[in-house]
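A.B. asks: Below you will find the structure I want to go over with you.
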Amino acid sequence: MDIQQKTINTIRALSVDMIQKANSGHPGAPMGMAAMAYAVWADAMCHNPKDPQWRNRDRFVLSNGHASALLYSLLHLFGYNMTMDDLKQFRQWGSKTPGHPEVHIEGVETTTGPLGQGIANAVGFAIAETMLAAKFNKPEFPVVDHRVFAFCGDGCMMEGVAAEAAALAGTLKLGKLTVLYDDNDISIEGNTDIAMREDVGARFAAYGWQVLKVDDGNDPQKILAAIAEARRDERPSLIICKTIIGFGCPAKQGTASCHGSPLGDDNVLAMKKTLGLPEDKFFVDEDVYAHLADCAARNAQREAEWNDLMARYAEAYPELKKEYDDWYGMKLPEDFMKDEELWAYEGRIATRATSGTMINRLAKRLPNLVGGSADLAPSNNTYIKDGGDYSAENRSGRNMHFGVREHAMAAICNGIALHGGLRVFCGTFFVFSDYMKHSIRMSAIMKLPVTYVLTHDSIGVGEDGATHEPIEHLAGLRAIPDLNVIRPADGKETTAAWLTALTSGLPTCLVLTRQGLPQYDHCGCKAFKGGYVLSDCEGTPDVLLMASGSEVEQCMQAKDVLAKEGIAARVISMPCMEIFNRQDAEYKEQVMPASVRARVAVEAGATMPWYRYVGLDGEVIGIDHFGASAPAAILFKEYGFTAENVVATAKRVLGK
């Protein structure tokens, strides 16, 4: 057999051997997609294994991440930092080859596995490329010029997040995005026609995509011809490759039995015989390594040419080159955190409004800050004034219009963050965070600094009623590891929240009010600790009053009432539990002395998160039921979010 076919079959065998040794995994997709992978990685895609972070590399996304053995085989064969021993540790403790690809592994662009997420990430990559190209390219210097390739399967095509993202990609005419669809007619439960009978190509054509079909997904030349045609179109392209799941295994190919289970030793040997390969486990012929080394060398030369282009660009446009480096380095202006204008607010203002003010203050100082909303920018206050609207016609716009597509919006922002060079935020009503919960979770898993602007944070929504009043959402988001959930009480805390989002290296949810709130004199930088003493008393307090967001106001009012009755209260503002929990024991003791067991927590949401702070002797004023339709002031009174109720509860925990 020729070297191309030998390489394709080697990719299949390596993938199968990994899964068989682990006795766990999904062999069918890697076997069926091997020719697709070879065509893209060996010929179509520009990437350099010696410099995996080369900024102008093409991006590859394996959206059907259960086929991870395919990606690990490619990384090894092409010379990335993926050894044969790593392959042999597939799905084992501490290995570099987990069951689904994870972004911390060299050569892996994004963490995938939850189906559909990868396609949406790929849309984000493609958007970022166009934004950066519009900013930095000059006619003679196309320093930002790369493509995005994504593989997906039937499961991705069924997921709603992929449909949302694809519809937006078509609207935006993301011509450098090419998705190759492994059309093998099989899902876990059997033939896909039990649940999926639509014409996928017609659906994507309706979205505004170019749709190309390859009748033999085992023919790399036909695949390359389709990719060449995709390059010539201004639209994103879907290449539907007709494949056979488990190709090469006589007893298993074309059946659901090879989707998610190892083939078995006998079937592995039969496959290798059918494909003309030795029976040896983890065997790679030296001529396969040599062939792919030649492919890698061609790409290394492409990077060398780009480096030369960039050197000449730096001479011709030194200021633009500096800005390019600053954008990718996420450099902040000097004394940024001490900029007094960022902290200035007056009057009673909703935190959604102070956040909007902060976005525009930041936009003047951070030209690579971009973002948008799920059709709610006027309500979320997420619009960058004079920033322009990003579209197919205007790649320089800083305001993105995602449409009513919350799940795709969040996943697309993950892709933008992964690409590099841009700071990204997105917004919607807090109650709709459920629609993008999994994408937020993926932000946290990957530790991506995406900022989520979530407004209308409580029963303060009022007349819209129970469907629009978030109750359990704070507790749900706080349960996600490596996610900062910040609910500020005023403008200064909002500023601290935004600055935390820009510097923490973690995703951040800003949970913001619809209703106006007072400004406090003694907050601000202390909010960087997550929780702090906003208003104290003389000596040791009798009772601790703690709250986040809008309910801090009721605690402040209650403190004054209690003082008149001879009860010393300390008010603790808790904008971010996650950050407070990371403080050392000494600081936490200073804020919440263990000796003060009388404690009251107040928050217009589920009570669950607060019990770690109030202990057995304290109480939580919260909502463990759904809301109602009525003016906000009525709801706060009816549900006990009043200074009077805080006072009464404080007396009760004090036994008075």
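A.B. asks: Taking Tyr289, is it surrounded by fewer than 18 Cβ atoms within 10 Å (Cβ to Cβ), out of contact with any Ser or Thr (no Cβ under 7 Å at 6 or more places or on another chain), assigned to a helix (DSSP H, G or I) and aromatic (Phe, Trp, Tyr)?
C.D. replies: Against the criterion (surrounded by fewer than 18 Cβ atoms within 10 Å (Cβ to Cβ), out of contact with any Ser or Thr (no Cβ under 7 Å at 6 or more places or on another chain), assigned to a helix (DSSP H, G or I) and aromatic (Phe, Trp, Tyr)), Tyr289 qualifies.
A.B. asks: Is there a residue in region 331-347 that is among the acidic types (Asp, Glu), within 30 Å of Glu129 (Cβ to Cβ) and modelled with pLDDT of 95 or more?
C.D. replies: No, the conditions are met nowhere in region 331-347.
For every residue, the table says whether it meets (1) small (Gly, Ala, Ser); (2) surrounded by fewer than 24 Cβ atoms within 10 Å (Cβ to Cβ); (3) outside any helix (DSSP H, G or I).
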site	(1), (2), (3)
Ala67	yes, no, no
Leu71	no, no, no
Gly107	yes, yes, yes
Asn121	no, no, no
Phe151	no, no, yes
Glu164	no, no, no
Thr171	no, yes, no
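A.B. asks: Oh, and also: Go through (1) of a type outside the set (Phe, Trp, Tyr); (2) touching a strand residue (DSSP E or B) at 6+ places or on another chain (Cβ under 9 Å); (3) farther than 22 Å from Thr455 by Cα for Lys588 and report which single condition fails.
C.D. replies: That leaves (2) as the condition not met.
A.B. asks: Give the residues of region 80-105 that are free of Cβ contacts under 8 Å to residues at least 24 places away in the same chain, assigned to a helix (DSSP H, G or I) and surrounded by 15 or more Cβ atoms within 10 Å (Cβ to Cβ), sorted by residue number.
C.D. replies: Asp86
A.B. asks: Is it the case that some residue within region 295-306 is in a helix (DSSP H, G or I) and touching a Gly at 6+ places or on another chain (Cβ under 9 Å)?
C.D. replies: Checked against the condition, which is being in a helix (DSSP H, G or I) and touching a Gly at 6+ places or on another chain (Cβ under 9 Å), region 295-306 yields at least one hit.
A.B. asks: Let me ask something additional. For residues in region 18-65 being in a helix (DSSP H, G or I) and under 22 Å from Met442 (Cβ atoms), which is nearest to the chain's Cα centre (by Cα)?
C.D. replies: Only one residue fits best here, namely Gly65.
A quick yes/no check of all residues on (1) acidic (Asp, Glu); (2) surrounded by fewer than 16 Cβ atoms within 10 Å (Cβ to Cβ); (3) closer than 17 Å to Leu362 by Cα:
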position: Gly276; (1), (2), (3): no, yes, no
position: Ala297; (1), (2), (3): no, yes, no
position: Glu303; (1), (2), (3): yes, no, no
position: Glu319; (1), (2), (3): yes, yes, no
position: Asp325; (1), (2), (3): yes, yes, no
position: Gly347; (1), (2), (3): no, yes, no
position: Ala350; (1), (2), (3): no, no, no
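A.B. asks: Are any of the residues in region 347-355 assigned by TED's automatic domain parsing to the domain that holds Val453 and either under 21 Å from Leu174 (Cβ atoms) or in contact with a Phe, Trp or Tyr (Cβ under 8 Å, 6 or more places away or on another chain) (or both)?
C.D. replies: Yes; the residues of region 347-355 include at least one that is assigned by TED's automatic domain parsing to the domain that holds Val453 and either under 21 Å from Leu174 (Cβ atoms) or in contact with a Phe, Trp or Tyr (Cβ under 8 Å, 6 or more places away or on another chain) (or both).
A.B. asks: In the list Ser63, Ser24, which residue meets the criterion of being touching a strand residue (DSSP E or B) at 6+ places or on another chain (Cβ under 6 Å) and touching a residue at least 60 places away in the same chain (Cβ under 8 Å)?
C.D. replies: Ser63
Conditions (1) charged (D, E, K, R); (2) farther than 30 Å from Gly505 by Cα, marked per residue:
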{"site": "His291", "(1), (2)": "no, yes"}
{"site": "Ala297", "(1), (2)": "no, yes"}
{"site": "Pro318", "(1), (2)": "no, no"}
{"site": "Lys331", "(1), (2)": "yes, no"}
{"site": "Phe336", "(1), (2)": "no, no"}
{"site": "Asp339", "(1), (2)": "yes, no"}
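A.B. asks: Output the residues belonging to region 42-64 that are in contact with a His (Cβ under 8 Å, 6 or more places away or on another chain) and closer than 20 Å to His104 by Cα.
C.D. replies: Correct list: Trp54, Asn56, Arg57, Asp58, Arg59, Phe60.
A.B. asks: Go through region 138-149 and count every residue that is crowded, with 21+ Cβ neighbours inside 10 Å and in a loop (DSSP other than H, G, I, E, B).
C.D. replies: Adding up the residues that qualify gives 3.
A.B. asks: Restricting attention to region 267-282, does a residue exist that is part of a helix (DSSP H, G or I), free of Cβ contacts under 8 Å to residues at least 60 places away in the same chain, closer than 21 Å to Val40 by Cα and in the same structural domain as Asp154 (by TED's automatic domain parsing)?
C.D. replies: Taking every residue of region 267-282 in turn, none turns out to be part of a helix (DSSP H, G or I), free of Cβ contacts under 8 Å to residues at least 60 places away in the same chain, closer than 21 Å to Val40 by Cα and in the same structural domain as Asp154 (by TED's automatic domain parsing).
A.B. asks: Now, a different point. Quick one: which residue in Ala293, Ala311, Ala304, Ala300 is touching a Lys or Arg at 6+ places or on another chain (Cβ under 8 Å) and not charged (D, E, K, R)?
C.D. replies: Ala300
For (1) among the small types (Gly, Ala, Ser); (2) in contact (Cβ under 8 Å) with a residue 12 or more places away in the chain; (3) within 22 Å of Ile127 (Cβ to Cβ), each residue gets a yes or a no:
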| residue | (1), (2), (3) |
| --- | --- |
| Gln4 | no, yes, no |
| Arg12 | no, yes, no |
| Ala39 | yes, yes, no |
| Trp54 | no, yes, yes |
| Tyr72 | no, yes, no |
| Phe78 | no, yes, no |
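A.B. asks: Something else about it: Only residues that are over 12 Å from Thr10 (Cα atoms) and either touching a strand residue (DSSP E or B) at 6+ places or on another chain (Cβ under 9 Å) or surrounded by 19 or more Cβ atoms within 10 Å (Cβ to Cβ) (or both): list them for region 258-274, please.
C.D. replies: Result: Cys258, His259, Pro262, Leu263, Asn267, Val268.
A.B. asks: Being crowded, with 20+ Cβ neighbours inside 10 Å and within 29 Å of the chain's Cα centre (by Cα) is the filter here; which residues of region 212-238 pass it?
C.D. replies: Ile227, Ala230, Arg235, Pro236, Ser237, Leu238
A.B. asks: Could I ask something else about it? Would you confirm whether any residue within region 378-400 is closer than 18 Å to Ser433 by Cα, under 16 Å from the mean Cα position of the chain (by Cα) and part of a loop (DSSP other than H, G, I, E, B)?
C.D. replies: no
The values are calculated or read from the model by the stated rules, or taken from the named source; none is laboratory data. This is a predicted model, so every value here is computed, not measured. Every residue, glycine as well, gets a Cβ built from its backbone with ideal geometry; the counts of neighbours run over all protein chains shown.
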